[in-house]
Every structure is written in structure tokens, then in C-alpha cells.
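The values are calculated or read from the model by the stated rules, or taken from the named source; none is laboratory data. Keep in mind that this is a model prediction, so the values were computed, not measured. All Cβ positions, even for glycine, are placed from backbone atoms using ideal geometry, and neighbour counts span all protein chains on display. Note: accessible area is taken over every heavy atom of the protein model, side chains too, but ligands, DNA and RNA are not part of it. Shrake-Rupley method; radii C 1.70, N 1.55, O 1.52, S 1.80 Å.
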Amino acid sequence: MPGFELIDSQEKEIVNKIFDDGGILFAHGFDALRKNYHVREFEESFNDILRFNHSLAVSSGTAAIKIALKALDVKAGDEVITQAFNFIATVEAILDLGAIPIITNIDNSLNMDVEDCESLITKKTKVILPVHMLGMTADMEGIMNLAAKHDLKVLEDCCEATGAKYQGKYVGNVADAGAFSFDFGKVITTGEGGMVTTDKFNLDKFSREYHDHGHENNPDYPRGRDTKTIFGFNYRMTEMQAAVGKVQLSKLHIILEKNKERYMAIEENLDKSFTRRQIHQHSEPIFDTFIFQVKEKERRDEIINLLNKEKFGTKNLPDAIEWHCAYYWDHALSEEQIQRTEKSKEYLHTMIAIPIWLKRTPEDYLELAHKINKFIS
Ligand SMILES: *Cc1c(COP(=O)(O)O)cnc(C)c1O
């Protein structure tokens, strides 16, 4: 769950220190005046801790997806395949490039259904964009095999899964590139912010130039005389965001540890008759949401009422399902895309997502599991 729960004096102090040190808020230049390069240091720490070759800090997760898609050469008219359980940002990033979002149904992990994905591949398909929703990795082995077979690129949307692993690798490192978000509700937060990760030099080079008006940051020239070969846009992160990001990142392992303790308290105590969200083989999720199925509407509503009464709430399912299920996006998707996701919508409506709050104790979650067990008829 959100890094915002662990914000303390460290975040405050590092931001104050920027101002005490001269108040340089821009990531580039001002070399004679500045003492730190927080954006560059945040990127380096992200590389070190999550073992990426290249990390590029940007202004949001949505920007990270768009930049990575553009770096993967997605152009107007190309098709990008993503999934029904998702966030609207992913579809927006595709549409903003003039490309066409194609939506797969979901499997029992609530992520991309690989077979359905294969059935949707056409001559226009350029990129597969699986989303590791609510901390759980997609079936990356299936997706990477599919991409190899059809000669496609893969971008991982890791916005909700910072720190999750697949086959021992951190997500964002499994495919061609990864996109992360640090908005206020994410695993770690910078208020708003994102990261593009890749092990490919050329993808990083393009992304770096594109997110910064085409600047090559040529060491032979001052910034005002910098060289350029492409035009870009402004998706830069500020020093204030990156300073907070450095502190938040240093807390990532604590967040993951605390998540798991709480998650396991429900997992071990909730009656086995409840079907859990599937965890794919080779997947190490971040355990920030416990999702299970309750098919009967009445019983489901009773459990949701309990979760609200006990102030846990529900997360996305069903709480914000309209923002997370493609079936509801008739302002952005074709009628055909919407119709074919009805199956996923029906399935998602049988699910309950319990958020893992770091400020609640493992005992709170154990007790919650016992209370939910009382609803078994
Ligand atoms: C949060 C999120 C995004 C967008 O990130 P922002 O930083 O809010 O722009 C994209 N995809 C998914 C799955 C997300 O959860």
C-alpha cells in the first residue's frame, strides 16, 4: 500500500535542505550553484535497488507509458494490446500517440489472458502492454513467448507493482521496457512522478531526449547550446519530487516486508472455501492487496459493508471499478472493444479487494479474516 503512510521527518528534511542549499529545483544545469542532483541520484538508486540498467525519472506514470511506447516506435494507426483490468491512463497514453488500444480479457490472476492476447494479434500490432495490477505480476513467460513468436515488443506497466518480481527479476526488467508511477496512491510516492526503465541503451537514449525537448545533454556544450536531433516534449521530474523519491525508495524494503506480514495474516486465517486471486508460477507479488472471490451478491455486499464499517474499505474492487475496468470506458474505446470485455467486467464484479494498510497491524488483519469467515453460510 501507499508509501504515503510512511512519510515522516525524513521527507520533510530533505525538501527543506534543497532550499537551505540554494533552492535549485531544476534537474539540469546550474552546476556552479547546486550541491545535489536529486533527479539523477533518484535514477541511480532505482537502478541500484531494483537492478535496472537504465532508469529515467519523469513527471508521471502516464507520461512514462507514453514515452516508452514512443521509444518502442509506436506510431499513429499501430495497435497496442493491453488488458481489461487496468487504469484509464494506459489507454490514454496509447490514444495520445494516435495508436489504437486493443483490450484483452483477464485470467484468474486478473491480469492479461495470454490466449486471448494471441487471438487479437494482427499485422498492425506493435506492442503488447501487460499491466501488473494491484501488485501482482502478469503471466510474463506466456507473454514473452507470444512476443517472440510474433516479433512484437513488450512494455510492462509496473505502476502498481514497484518491487514485484518475476522469475527472480524485478518487474520492469522482464520485457523491453517498464513504466512506473509514484503518484500519491502508489507503492512509493513523489506526489506525482514516474520512471521509464529498460536495459536497452537506445530506448533509454530516445526516452531521455524525448522527455526533455530533445536535449542530448552533450557534455561538450553548455545546456543553452546543447545539441539535438529529435524534437520532444517536457515530461521532466523536479528536484523536490526526486528528493522525496530517494527517501521513499529507501523505505521500499520495509513497505514490502510489512505488506507481506499483513497479507499472510489474512491468507492464513481466511477460510479456504474462499477462492483467492491466482498467483502465477514464478511470480513474487508485493502483497499490497488481498483479492478473493464471493460469487453470491448478497454475501458479497455484506462483506463489503463489513470492510467499510471496519474502515479498511475496498480497493478498486468494487470501490473504483469504473476507473479500472475497460468495460466502462465508452468515452475512449470502440463499442467492439467494450463488448468483448463484458466477461472480464462480470468476473471483476465477483471480487473483493482488501487494501493492506501499513498503519493497521497484522493482528487487525487476522481478526478481519475471522470476521469474514462468519459470513460462510
Ligand atoms: C497509476 C497508474 C498509471 C498512471 O500513473 P500516474 O502517475 O498516475 O500518471 C498507469 N497505469 C496504472 C496501472 C496505474 O495504476
Check your understanding: Can you give the direction-averaged projected area of the convex hull of the alpha-carbon atoms in the range 177-333, in nm²?
Key -> 14.2 nm²
Point to revise | For Thr125, distant residues with modelled amide H under 5 Å away | key: Glu79
**Study point:** Label-to-label distance, nm, for residues given as Asp31 and Asn234 (7 Å Cα→Cβ offset)
**Key:** 2.3 nm
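Quick one: accessible area per residue over the range 1-100, 1.4 Å probe, rounded to a whole number of Å²?
Per-residue value: 42 Å².
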**Study point:** Within the range 280-348, trypsin sites (Lys or Arg not before Pro) in DSSP loop having at most 10 other beta-carbon neighbours inside 10 Å
**Key:** Lys295, Lys311
Practice item. Could you look at the range 23-94 and say what percent of its accessible area is carbon and sulfur, using a 1.4 Å probe and all protein chains? Key: 52 percent
Exercise for review: For the range 171-248, list log₁₀ I(q)/I(0) at each q in 0.17, 0.20 Å⁻¹, using the Debye formula over Cα point scatterers of equal strength and ignoring solvent, two decimals each.
Suggested key: -0.79, -0.99
Point to revise | Average projected area [Cα convex hull, the range 309-375], square nanometres | key: 5.7 nm²
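Test of the criteria: in the range 87-132, which trypsin sites (Lys or Arg not before Pro) are in a DSSP loop and have at most 15 other Cβ atoms within 10 angstrom of their Cβ?
Numbers: sites: Lys123, Lys124, Lys126; in loops: Lys123, Lys124.
In loop regions of the range 87-132 (DSSP not H, G, I, E or B), the sparsely surrounded trypsin sites (Lys or Arg not before Pro) are Lys123, Lys124.
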Check your understanding: What is the log10 of I(q)/I(0) for the range 63-123, computed with the Debye formula using one identical point scatterer on each Cα and no solvent, at q = 0.12, 0.24 Å⁻¹?
Key -> -0.28, -1.00
Exercise for review: For Asn108 paired with Glu44, estimate the spin-label separation in nm (one decimal), with each label point 7 Å from Cα along the Cα-to-Cβ line.
Suggested key: 4.7 nm
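Can you give the helix-only mean residue ellipticity at 222 nm for the chain, where every DSSP H stretch with n ≥ 4 adds -39500 (n - 2.57) and the sum goes over all residues, rounded to the nearest 500 deg cm²/dmol?
On the way: 14 runs with 144 residues, N = 377.
One gets -11500 deg cm²/dmol as the mean residue ellipticity at 222 nm.
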**Study point:** Under Karplus coefficients 6.51, -1.76 and 1.60, residue-wise ³J(HN,Hα) of the range 101-116 in Hz, glycine/proline x
**Key:** x, 10, 10, 8, 6, 10, 9, 6, 8, 6, 10, 3, 7, 5, 5, 4
Point to revise | Magnitude of the charge dipole, the range 18-136, Cβ model with Lys/Arg +1 and Asp/Glu -1, debye to 20 | key: 340 debye
Review point. What is the pair-distance distribution P(r) of the range 20-143, computed from all Cα-Cα distances in 5 Å bins starting at 0, with each bin given as a whole percent?
Key: 2, 10, 16, 16, 17, 13, 9, 6, 5, 3, 2, 0
Review point. What would the Debye formula give as log10 I(q)/I(0) at q = 0.08, 0.12, 0.14 Å⁻¹ for the alpha-carbon point model of the chain, no solvent?
Key: -0.41, -0.91, -1.19
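Based on DSSP loop calls and a cut-off of at most 15 other Cβ atoms within 10 Å, the longest stretch of the chain free of exposed chymotrypsin sites (Phe, Trp or Tyr not before Pro) is what? Write down the numbers at each step before the final one.
Numbers: sites that count: Phe26, Phe30, Phe184, Phe231, Phe233.
Answer - 31-183.
Counting other Cβ atoms within 10 Å, keep those with at most 16, restrict to DSSP loop, and tell me which GluC sites (Glu not before Pro) in the range 277-341 are left.
Values: sites: Glu296, Glu298, Glu302, Glu310, Glu322, Glu335, Glu336; in loops: Glu296, Glu310.
Qualifying residues, ordered by number: Glu296, Glu310.
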Check your understanding: Going from the alpha-carbon gyration tensor of the range 221-303, what semi-axes, largest first and in whole Å, does one get by taking the root of 5 times each eigenvalue?
Key -> 45, 18, 13
**Study point:** Positive-end extreme of charge dipole, the chain - chosen from Ala164, Ile18, Ser59 (charges on Cβ)
**Key:** Ile18
Point to revise | Table column - 3J(HN,Hα) (Hz), the range 271-279, Karplus curve with 6.51, -1.76, 1.60, x for Gly and Pro | key: 3, 5, 6, 7, 6, 8, 4, 6, 9
